[in-house]
Amino acid sequence: MVISVPAAFLSAIAAGARKGVIFKGGAHLEQMSTVKVVAFDKTGTLTIGHPSVTDVIPCEGVSETDLLRVASSVEARSEHPLSRAVREEADARGIASEPVDRFEAVTGQGVIAELHGEVVRVGRLKFIEQCAGHPPEALMAAHDRLQTEGKTVLFTCHGGRWLGILGVADKIRPEAAAIVDTLHAAGVERVVMLTGDHERVGRAIGQQVGIDRVYAGLMPDDKARIMTELEAEVGPVAMVGDGVNDAPALAAATVGIAMGAAGTDVALETADVVLMGDDLPTIPYAIHLSRRARRVVWENIIFALSVIVLLVIGTFAIDLPLPMGVIGHEGSTVIVVLNGLRLLVAK
């Protein structure tokens, strides 16, 4: 009885590690087997996490060069994937960034800094409107078009003046749609996507991948709240993410899963399970492995209880000799351990 559970769980944890799935304990392995909802962050999880600038749309009287120079100067201080895309576009065009002062990254909103003594903001529409007011109609028309195409839009203003927008797109992982189908086939009741992007962008990505429900326009605390709501509504939730913004949701979910290859330190520390690579197929594998481990544990427990009952009956009914009792007891222990070790070759 005592060896039944650890023999199976330790074997399953070792098998998962060989496949690049690191469980931080047997409790998380067991919880994984109960998951009914899998929630994905969009950027870096369902997408490859390397977005690129596809559109540069300046306001009237502003050149593309000026727009990119100002935006890249501020984004140069940020580690966000969207910031990297802006810097790479500026570098590709030979546009040098300029030093900025008082840089600040506002989680889920954008970045702010001072350039030539004037405030520069790059990020979401509401974040920019705080200093520049409502954008020109032509800019909003371009914004609506880019969102319909499933692109993320970054607004830029300098000194209270609108400079333009940048359209950024990230490629969907080629295996994403197949993984969603596999999760459904494995008995996961609902697969959802969480994103800070506009609803149009999220919906466009979700339709391509086959997501059951898309939650868009979210802040980090919103993601954590949705984890609690899904767990109360459907059941245990596994959250898959890789960024700082995902950390609250990873902590709030029943099981937090971090993408290890590109994951931030905060996400890796918060998560209960770490995928050492960015391979989405390891998620259904982890669920299958945890369910198999739980089944083996019950096999061991039932077998151990059966042997105990037989030995007790044998002792009183046929005066079972001590050597036979020892063989039955120790032999059953070996069988339980060997049954658990079968998980080492789990596929």
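Note on the stretch 89-138: among residues that are touching a residue at least 40 places away in the same chain (Cβ under 8 Å), of a type in the set (Gly, Ala, Ser) and within 18 Å of residue 245 (Cα to Cα), the one that is surrounded by the fewest Cβ atoms within 10 Å (Cβ to Cβ) is 108.
Residues of the stretch 19-61 being among the aliphatic types (A, V, I, L, M) and at pLDDT 90 or above, which ones?
Within the stretch 19-61, the subset among the aliphatic types (A, V, I, L, M) is 21-22, 27, 29, 32, 35, 37-39, 46, 48, 53, 56-57.
Across the stretch 19-61, the qualifying residues are 21, 22, 27, 29, 32, 35, 37, 38, 39, 53, 56, 57.
I'd like to check something: does the stretch 95-103 contain any residue that is part of a helix (DSSP H, G or I) and among the polar types (S, T, N, Q)? There is no residue in the stretch 95-103 that is part of a helix (DSSP H, G or I) and among the polar types (S, T, N, Q).
Pick from 217, 241, 210, 235: which is touching a residue at least 24 places away in the same chain (Cβ under 8 Å), over 13 Å from residue 37 (Cα atoms) and more than 15 Å from the chain's Cα centre (by Cα)?
On the way: 217 fails: touching a residue at least 24 places away in the same chain (Cβ under 8 Å); 241 fails: more than 15 Å from the chain's Cα centre (by Cα); 235 fails: over 13 Å from residue 37 (Cα atoms).
210 is the lone residue from the list that is touching a residue at least 24 places away in the same chain (Cβ under 8 Å), over 13 Å from residue 37 (Cα atoms) and more than 15 Å from the chain's Cα centre (by Cα).
Somewhere in the stretch 72-88, is a residue under 20 Å from residue 199 (Cα atoms), surrounded by 18 or more Cβ atoms within 10 Å (Cβ to Cβ), touching a His at 6+ places or on another chain (Cβ under 9 Å) and not assigned by TED's automatic domain parsing to the domain that holds residue 244? Yes, because at least one residue in the stretch 72-88 is under 20 Å from residue 199 (Cα atoms), surrounded by 18 or more Cβ atoms within 10 Å (Cβ to Cβ), touching a His at 6+ places or on another chain (Cβ under 9 Å) and not assigned by TED's automatic domain parsing to the domain that holds residue 244. The requirement of being touching a residue at least 12 places away in the same chain (Cβ under 8 Å), out of contact with any helix residue (DSSP H, G or I) (no Cβ under 9 Å at 6 or more places or on another chain) and either assigned by TED's automatic domain parsing to the domain that holds residue 132 or crowded, with 21+ Cβ neighbours inside 10 Å (or both) is satisfied by residue 230.
Being within 15 Å of residue 30 (Cβ to Cβ) and in a helix (DSSP H, G or I) narrows it down to one residue among 307, 296, 312, 266; which is it? Walk me through how you get there before you give the answer.
Numbers: 307 fails: within 15 Å of residue 30 (Cβ to Cβ); 312 fails: within 15 Å of residue 30 (Cβ to Cβ); 266 fails: within 15 Å of residue 30 (Cβ to Cβ).
Result: 296 is the single residue among 307, 296, 312, 266 that is within 15 Å of residue 30 (Cβ to Cβ) and in a helix (DSSP H, G or I).
Anything in the stretch 188-209 that is surrounded by fewer than 15 Cβ atoms within 10 Å (Cβ to Cβ) and at pLDDT 90 or above? List them, or say none.
189
Residues checked against (1) aliphatic (A, V, I, L, M); (2) in the same structural domain as residue 249 (by TED's automatic domain parsing); (3) in contact (Cβ under 8 Å) with a residue 40 or more places away in the chain; (4) over 30 Å from residue 251 (Cα atoms):
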{"position": "279", "(1), (2), (3), (4)": "no, yes, yes, no"}
{"position": "283", "(1), (2), (3), (4)": "yes, yes, yes, no"}
{"position": "300", "(1), (2), (3), (4)": "no, no, yes, yes"}
{"position": "311", "(1), (2), (3), (4)": "yes, no, no, yes"}
{"position": "327", "(1), (2), (3), (4)": "yes, no, no, yes"}
{"position": "335", "(1), (2), (3), (4)": "yes, no, no, yes"}
{"position": "339", "(1), (2), (3), (4)": "no, no, yes, yes"}
{"position": "342", "(1), (2), (3), (4)": "no, no, yes, yes"}
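Within the stretch 1-92, which helices (runs of 4 or more DSSP H) (wholly inside it) include 1 or more residues that are in contact with a helix residue (DSSP H, G or I) (Cβ under 9 Å, 6 or more places away or on another chain) and under 29 Å from residue 306 (Cβ atoms)?
Numbers: elements: 4-18, 26-32, 64-75, 81-92.
Fully inside the stretch 1-92 and qualifying: 4-18, 26-32.
From the list 224, 185, 177, the lone residue that is modelled with pLDDT of 90 or more, closer than 30 Å to residue 292 by Cα and more than 18 Å from the chain's Cα centre (by Cα) is 185. Do we find that residue 199 is closer than 15 Å to residue 47 by Cβ and of a type in the set (Asp, Glu) in this structure? Criteria not met by residue 199.
The values are calculated or read from the model by the stated rules, or taken from the named source; none is laboratory data. The model shown is predicted, which means the values in this text are computed figures rather than measured ones. All Cβ positions, glycine included, derive from the backbone under ideal geometry; neighbour counts span all protein chains shown.
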